[in-house]
Amino acid sequence: MSNRTQPAAADVVVVGAGPAGLTAAIRLAELGLVPVLLDAAGEPTRTSNASLVHASTLEILAELGMADELVAAGRRIHRLVLADWGRRVTAIDLTTVRSGYPFALSVPQSSTERLLLARLRQLGGSVRRRHRVETVEVDRAGQVLRGHAGEQPFALRARYVIGADGAHSTVRASVGQEFPGRTYPMQFVLADVPLRQAPTAADEAAVVLSADGVTVLGLLPGGNHRIVATVEPAAAVPERPDRSYLDQLLARRETGARLAAEPSWSSRFRVHHRVADRFRIGDTFLVGDAAHVHSPAAGQGMNTGIADAYDLATRLAAVLAGTADPDTLDDYQRHRRAAALEVLRFTDRMTRMALAASPFTRRLRRVALGALPRIPRVNSTVTGWITGLDRSPLRHHLPPVPASAGEAPATAAPNTASPPPGTVRRR
Ligand SMILES: Cc1cc2nc3c(=O)[nH]c(=O)nc-3n(C[C@H](O)[C@H](O)[C@H](O)COP(=O)(O)OP(=O)(O)OC[C@H]3O[C@@H](n4cnc5c(N)ncnc54)[C@H](O)[C@@H]3O)c2cc1C
């Protein structure tokens, strides 16, 4: 009862400790404000889910002091090879990208989350696990999050709420935001498998087009390959695709790949493309999958969420420290919603182009794909899209951060008169 009348208070509460929530928490902590970070789950992601980290994300992680560790944990992919029925048509060369990270990194999401968590701990932060947020109520004094920590109800007052609670976001629903968009008709198959025969070199990922669907293959650290394949909407796909199913699929599409053993993990799923109308609703913000979901084409989901989180956390820290006008928070929505829409358009176009079915469009596609990357401007536009560098918050205007990042700002942020439980100022 008492927590209903006197909720504890914090400057910033982050809901969800996936890649986006962890990034927001790290950036805030780095700028002197360790937020309260809640997660319903008892443990972090154990599976490889989003396994491609792009140059723009590595630049952000370098700012957060953890790119080297992640690069050491992953495999560098230098080229994205496009093949049509086993015939190599062209390759997108990532080594020419203007970044300190001229490659994409193949690394399981579980490793990325483990390193994000380690960095947060270094900065004095932690995750309150088994804390499920059920509502966010707005009143005159701000916002109150209510939920359950295990069996125990809890309430927490927050000046700012960051909803990083994934595609089925409770925060988004609580603040009355729809999630407009569509579901792709086709199914997606995903598997981590050891291959006896690989279609490309170890530093290349392959995108194999066929009338049957698109298949993407890339080597993960540890020796498994990640396979992602689109499958016809009505096809019978096992819940856990096994070696025999996958071998048949790979052979039918002439990928040149053959499995050496059963997959260590496999799954089938459907994909949505949706963007929330607003990423800022008063003092509540949506980041990552809570704000946008799209086709896995070119592995943009987690990368875009990390960029959202970095952008928003920088603005919030600056506003709380008094180094930026609160209007900068509107710019979060302006920049990041535009970035999400661009990702959605781009991944949607790639997905539809890859699924072109008629022999004529497929022939046209083969000619176009062979020619376009050789035009330097086209090549740099495509790599700009894929790497996310053109959309990166590091390449746009972020407000000045509190002097000497890492030190506690001299200007006291609100809520500090009686130190709010869970909001820790770094000394
Ligand atoms: C099987 C699979 C394969 C994928 N493959 C790819 C890929 O190849 N490439 C790619 O880019 N992306 C891929 N994705 C998507 C990628 O994993 C997401 O884009 C990314 O995880 C989004 O990060 P996030 O932090 O926004 O949300 P999430 O990772 O979903 O994290 C949300 C967190 O919020 C917590 N949470 C949820 N509700 C509440 C609540 N009410 N209260 C408290 N906590 C809550 C959850 O426990 C979770 O920890 C894949 C996803 C899946 C499931």
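The values are calculated or read from the model by the stated rules, or taken from the named source; none is laboratory data. Fair warning: this is a prediction, and the values are worked out from it, not measured in the lab. Ideal geometry is used to build each Cβ from the backbone, glycine not excepted, and the neighbour counts take in all protein chains shown.
Tell me whether segment 326-347 contains one or more residues that are out of contact with any Phe, Trp or Tyr (no Cβ under 7 Å at 6 or more places or on another chain), at positive phi and at pLDDT 95 or above. Break it down into steps so the answer makes sense when it comes.
The initial filter retains those residues of segment 326-347 that are out of contact with any Phe, Trp or Tyr (no Cβ under 7 Å at 6 or more places or on another chain), namely 326-331, 334-335, 338-345, 347.
From what's left, at positive phi: none.
Within segment 326-347, none of the residues are out of contact with any Phe, Trp or Tyr (no Cβ under 7 Å at 6 or more places or on another chain), at positive phi and at pLDDT 95 or above.
Does segment 47-58 contain at least one residue that is touching a residue at least 12 places away in the same chain (Cβ under 8 Å), within 14 Å of the ligand (Cβ to nearest atom) and surrounded by fewer than 18 Cβ atoms within 10 Å (Cβ to Cβ)?
Looking through segment 47-58, at least one residue is touching a residue at least 12 places away in the same chain (Cβ under 8 Å), within 14 Å of the ligand (Cβ to nearest atom) and surrounded by fewer than 18 Cβ atoms within 10 Å (Cβ to Cβ).
Summed over segment 138-168, the residues that are within 15 Å of the ligand (Cβ to nearest atom), assigned to a loop (DSSP other than H, G, I, E, B) and over 27 Å from residue 307 (Cα atoms) give a count of 1. When residue 135 is tested against (1) surrounded by fewer than 20 Cβ atoms within 10 Å (Cβ to Cβ); (2) in a helix (DSSP H, G or I), exactly one condition is not met: (2). Summed over segment 213-234, residues that are part of a loop (DSSP other than H, G, I, E, B), at pLDDT 95 or above and within 14 Å of the ligand (Cβ to nearest atom) total 2. Close Cβ contacts (under 8 Å, 6 or more residues apart or on different chains) running from residues in segment 181-198 that are within 11 Å of residue 267 (Cα to Cα) to residues that are aliphatic (A, V, I, L, M) and assigned to a loop (DSSP other than H, G, I, E, B) comprise 187/235; 187/237; 189/237; 192/220. Using the structure shown, decide if residue 97 is of a type outside the set (Gly, Ala, Ser), at pLDDT below 95 and buried (at least 16 other Cβ atoms within 10 Å of the Cβ). Considered against the rule, which asks whether it is of a type outside the set (Gly, Ala, Ser), at pLDDT below 95 and buried (at least 16 other Cβ atoms within 10 Å of the Cβ), residue 97 comes out as yes.
The lone criterion from (1) among the aliphatic types (A, V, I, L, M); (2) within 16 Å of the ligand (Cβ to nearest atom); (3) surrounded by 19 or more Cβ atoms within 10 Å (Cβ to Cβ) left unmet by residue 237 is number (3). Residue check: residue 137 meets all listed conditions (1) acidic (Asp, Glu); (2) closer than 22 Å to residue 42 by Cα; (3) out of contact with any Gly (no Cβ under 8 Å at 6 or more places or on another chain) but one, namely (2). Picking from residues in segment 260-315 that are hydroxyl-bearing (Ser, Thr, Tyr) and surrounded by fewer than 21 Cβ atoms within 10 Å (Cβ to Cβ), the one that is farthest from the ligand (Cβ to nearest atom) is 264.
Mind checking which residues of segment 242-292 are part of a strand (DSSP E or B) and aliphatic (A, V, I, L, M)? Once the filter is applied, which keeps residues that are part of a strand (DSSP E or B) and aliphatic (A, V, I, L, M), segment 242-292 yields 259, 271, 275, 281, 286.
Hey, could you check segment 33-43 for residues that are more than 7 Å from the ligand (Cβ to nearest atom) and not hydrophobic (A, V, I, L, M, F, W, C) and say which is surrounded by the most Cβ atoms within 10 Å (Cβ to Cβ)?
Step one: list which residues in segment 33-43 are more than 7 Å from the ligand (Cβ to nearest atom), which gives 33-37, 42-43.
Going one step further and asking which of them are not hydrophobic (A, V, I, L, M, F, W, C), we end up with 35, 42-43.
Numbers: 35: 29, 42: 8, 43: 9.
Only one residue fits best here, namely 35.
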